[in-house]
Amino acid sequence: MTRTAFTPNWTARGALLALALYCVFAVTQLDISWARILTGFGEGGRFLARMWPPNFERWDTLVEGMLESIQIAVLSSVAGIILSLPLGLMAARNLSPAWVSAPVRGFIALCRSLHYVIVAILFVKAVGFGALAGVAALTVASMGFIAKLFAEAIEEISMKQVEAVRATGAGPAGVLLYGVLPQVASRFVGFCIYQLDSNLRNSTLVGIVGAGGIGGTLFAAFKRFDYDFVAAILLSIIALIFLAELVSARVRKALQ
Amino acid sequence: MSTSLDREWQRFTPTQRIGRWLLWLAIVAACVWAVRSIEIIPEFLADAPQQMADLLLRMWPPDLGHYRIGVHDALIETLHIATLGTVLSFTMAVPLALLTARNVCPWAPVNALANLLLVASRSVNSLVWALLFVAVFGPGALAGVLAIAFRSVGFVGKLLAEAIEETPRGPMEAMAAVGAPWGHGMLKGMWPQVQPAFWGIALFRWDINVRESAVLGLVGAGGIGVALDDAINFFHWDRVATILLAILVVVVIAEIVVTQIRKRLI
């Protein structure tokens with residue numbers, strides 16, 4: 001009997017074949033053809049040519065939009081952080097009874113499952129065009145993210161310290177402040193910085209549906225075929241995100 | 001003895017305390033600046049609760065009959081876009097990840113260049129990618145697939161490169177020692193080590209892509225977003241409610257599927 005060093009895994013090969021077949025099927029379903037891709041390449045060349053050189057002439061509009069995006073990011077992060085503190089505490093199954101944690105967990109899951117642009121559309125209808133809708137939409141997204149991770153962090157804490165504080169006769173507030181929060185504070189700050197970073201990215205986008213920030217300027221420039229201005233806006237957004245990533249990496253390193 | 005008892009103990013050094021105060025000051029200053037200069041129209045804020053109630057009333061009851069006519073096909077298209085985009089992103093991300101990983105590709109300039117491509121892909125949001133591809137390929141699912149793929153490359157490539165760099169050298173060296181060519185070493189020495197991470201990343205990104213592909217239609221890149229945009233533009237809020245429910249259900253199902261597969265595979 002010969003032994004093969006590497007026995008073939010037929011289930012895995014079958015699954016990969018199925019995936020390949022599915023891809024072919026999906027491509028035919030989506031009406032994707034070579035002719036279209038080839039025309040696209042020609043169009044793409046022309047498109048890139050029109051984007052170059054980036055036109056920074058209307059820099060005042062650009063700066064205004066960018067500042068508004070930053071404001072949206074700051075406000076929605078602060079509101080999201082403040083709201084997620086109680087939500088996270090209520091959703092932690094080791095601190096709250098099930099009748100509190102279950103509905104709160106459901107609410108957090110709801111906040112997370114809708115894309116922030118869709119939430120922004122709903123808020124644009126509810127509070128009108130402008131930055132307020134963007135702030136509200138990103139606050140919802142931040143709540144979903146921070147509260148979920150915060151609750152998970154609280155569920156992992158050691159209950160010994162909580163018991164020790166409780167044994168000294170401390171009330172619920174004392175237990176929270178001296179038994180629970182010190183154990184999760186550094187992770188909470190980490191989540192907050194991550195969310196600030198991601199809110200900054202997202203705040204440059206919500207403008208596409210009219211919720212304020214640079215996204216509105218970008219979309220308007222696109223619709224007017226001002227591709228050189230589009231290039232300028234895109235470069236500014238990328239620069240801003242790069243900067244934010246550098247700063248947040250530095251802060252996270254300093255915290256550790 | 002008494003001096004040490006009377007001494008006031010403090011948790012932080014003076015520089016740390018000043019640093020903390022400055023940090024808090026900066027946070028408060030940023031909030032105050034943002035609140036004072038952001039443009040919020042008071043009239044809009046005042047009737048927000050009323051508008052919200054109006055919105056919910058118009059959404060209720062959801063027009064569930066519309067699902068079969070205008071939502072189902074778009075929903076399937078969204079899933080196709082998400083899956084094809086994820087597969088396509090892997091075909092681009094795997095070579096880039098190999099070029100980024102320092103233990104596979106020893107040339108530092110190539111590492112840096114591949115990493116730059118990954119960062120560039122990550123820093124452009126999928127909606128912006130969709131805008132660009134709609135301008136190039138015209139509206140439709142093709143632009144959506146490419147947008148999802150190009151946005152995912154950076155994410156997938158970064159995580160894959162990290163997984164590759166963390167693998168121990170032993171199996172690769174053993175393969176080289178028995179005289180296996182480089183390709184065999186990669187396939188039997190490297191691949192089994194990164195395989196769990198690979199499938200984990202694929203599932204994770206697919207889950208994200210299902211959510212993201214739902215909005216691509218807002219800029220014309222196909223999928224359920226187109227149906228959503230139409231319903232909103234015609235103020236068919238009961239249809240909007242149906243579409244939102246459909247998206248919600250699909251997102252939840254995708255999450256359940258991903259956790260189940262992850263449990264089996266990893």
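We did not get these values from a lab; they are worked out from the coordinates using the rules stated. Everything numeric here is computed off the predicted structure, so don't read it as measured data. Methodologically, a virtual Cβ is constructed for each residue, glycine included, from the backbone with ideal geometry; neighbour enumeration extends over all protein chains shown.
General observations
- Sorted by Cβ density within 10 Å, fewest first, the residues A:Val127, B:Val87: B:Val87, A:Val127
- Cα-based reach from A:Lys223 at 16 Å (exclusive), listing lysines while leaving out same-chain residues under 8 positions away: none
- The alpha carbon gyration tensor of chain A gives principal lengths a ≥ b ≥ c with a/c of 1.5 or higher and a/b no greater than b/c, which makes the shape oblate.
- Taking a ≥ b ≥ c as the square roots of the eigenvalues of the Cα gyration tensor, chain B is classed as oblate, since a/c reaches at least 1.5 and a/b does not exceed b/c.
- Alpha-carbon centroid distance for the pair the stretch B:174-238 / the stretch A:198-256, whole angstrom: 23 Å
- Cross-linked pairs B:Lys158/B:Lys188; A:Lys253/B:Lys158; A:Lys160/B:Lys263; B:Lys188/B:Lys263; A:Lys148/B:Lys158: Cα-Cα separations exceed 27 Å for A:Lys160/B:Lys263.
- When the square roots of the Cα gyration tensor eigenvalues are ordered a ≥ b ≥ c, the ratio a/c for the stretch B:1-147 is 1.5 or more and a/b does not exceed b/c, which makes its shape oblate.
- Between the Cα long axis of helix A:34-51 and the first principal axis of chain A there is an angle of about 80°, rounded to the nearest 10.
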